[in-house]
Amino acid sequence: MQRVLKMSQVHPNPRQPREYFDQDALNELAKSIDKYGLMQYIEVRPDNELGGYEIVSGERRWRAHKILGRTKIRANIISEKSEIQRFKRSMSENVNREDMTPFEEARGFQRILDEEEGATVESVAADFGKTTTYIKLRLALLDLREEVAKHVEAGTIGTQAAVQIAALSHANQGALLAKFARGEFASDNEIVHFAYAMRQQQDQAVLMIVEEMTDDERQQRSTAQRKTRGTLDRIEQVRGLLDEIARTDPMKLAELLEGQAGARLEQLDRVAESLTKARFQVKQAKAHAEARSLVTINPDAVSGIQHDTEREPAAA
């Protein structure tokens, strides 16, 4: 049923999923409503406890009316539904908005799982047109320490890094945050790699300690170290050959290659691809080396187990 209601008759739902409303975005919406009118009615339901009507969806439009000083608003009055159903209706309107924070989404999804009978991650994903992985990654944010969560909400730590951090124990989250506070991460990507390395080491039953190795194990380790370091040294030598090609005039190169330029370019592309993969592995190795001095081992860990929310960081 559609009606024109007094603004004083309408009030927000205190348990709606949105906790933050961007003032600039509200001002833009108010200008649009002032110029073109209200294109979509808000939805309300009769509030038998407080009186008047409670907003089910459209609180941004109601707030824009307040900015404009309007005394009335067009509303669609819907039939009484359960609190969780009203919450889901409000959530569905907001979940795809850019200004709904990941934590608002996470808390909303968790509330549905807690309060709706029979709700599962799969059913929540289907309700909101998301993948189950998306829902799990949002829910993972609820495992963050409060101090870390504040940085994520402030935007100083990105969502991808936050998901990796959330997989750590609270003690290891604290160790990572202390490193972050000292300014030791140059980018969010570095946090991702470091947190992932900590997670892998955290979930090992024990870290290999050199002093506890047998003589054979020490010998094997020493041989492997020399081989790997020697390989990287030879790669550095190849760099000189590449620099020589890089300094050659393109017209001169075309003459020297005599029709092989295309094949030789493919050759270099293969080299570049291998270099990218090798660089990624060494970047991970650096993160592991740094994490080793900070990580607290989970005494109940079983090596090799991965949680649903764990993802390897992308190569960068």
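The values are calculated or read from the model by the stated rules, or taken from the named source; none is laboratory data. This one's a predicted model, so the numbers in the text were calculated from it and none came from an experiment. FYI the Cβ positions are ideal-geometry reconstructions off the backbone, even for glycines, and counts take in every protein chain you see. Remember, those area values only see protein heavy atoms, side chains included, never the ligands or the DNA or RNA. Shrake-Rupley method; radii C 1.70, N 1.55, O 1.52, S 1.80 Å.
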Please name whichever of Ile245, Ala171, Ile84 sits farthest to the positive end of the charge dipole of the chain, dipole taken about the Cα centre and charges placed at Cβ: Lys and Arg +1, Asp and Glu -1.
Ile84
Per residue, in Å², the accessible surface of the chain once ligands and nucleic acids are set aside, probe 1.4 Å:
61
Radius of gyration and Dmax over the Cα atoms of the chain, both given in Å:
28.3, 87
Where the accessible area of region 175-244 is counted over protein heavy atoms with a 1.4 Å probe, how much of it, in %, is carbon and sulfur?
53
Kindly express, to the nearest 10 degrees and within the range 0 to 90, the angle between helix 23-36's C-alpha long axis and the longest C-alpha principal axis of the chain.
50
Quick one: angle between helix 59-68 and the longest Cα principal axis of the chain, in degrees between 0 and 90, rounded to 10, please.
70
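For a Förster distance of 30 Å, can you work out the FRET efficiency between the beta-carbons of Ile67 and Gln110, rounded to the nearest 0.05?
Efficiency computed from Cβ-Cβ geometry: 0.40.
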What is the distance in Å between the Cα centroid of region 106-160 and that of region 37-90?
25
Beta carbons within 10 angstrom, averaged per residue: use that to sort the peptides 123-131, 215-223, highest first.
123-131, 215-223
Measure nothing but the geometry: give the 0 to 90° angle between the long axis through the Cα atoms of 188-202 and the longest principal axis through the Cα atoms of the chain, rounded to 10°.
80
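Rounded to the nearest 500 deg cm²/dmol, what is the calculated helix-only ellipticity per residue at 222 nm for the chain, with -39500 (n - 2.57) per DSSP H run of length n ≥ 4?
Numbers: 13 runs with 182 residues, N = 316.
Helix contribution divided over all residues of the chain: -18500 deg cm²/dmol.
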Within region 151-194, list the GluC sites (Glu not before Pro) lying in a DSSP loop whose Cβ has at most 13 other Cβ atoms in a 10 Å radius.
Glu184
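Tell me, what is the FRET efficiency for Ile235 and Ala126 to the nearest 0.05, using R0 = 41 angstrom and their Cβ-Cβ distance as r?
0.25
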Go through region 109-121 residue by residue and turn each phi into a ³J(HN,Hα) via Karplus (6.51, -1.76, 1.60, θ = phi - 60°); whole Hz please, and just put x for glycine and proline.
4, 5, 4, 4, 4, 6, 10, 8, 4, x, 5, 10, 4
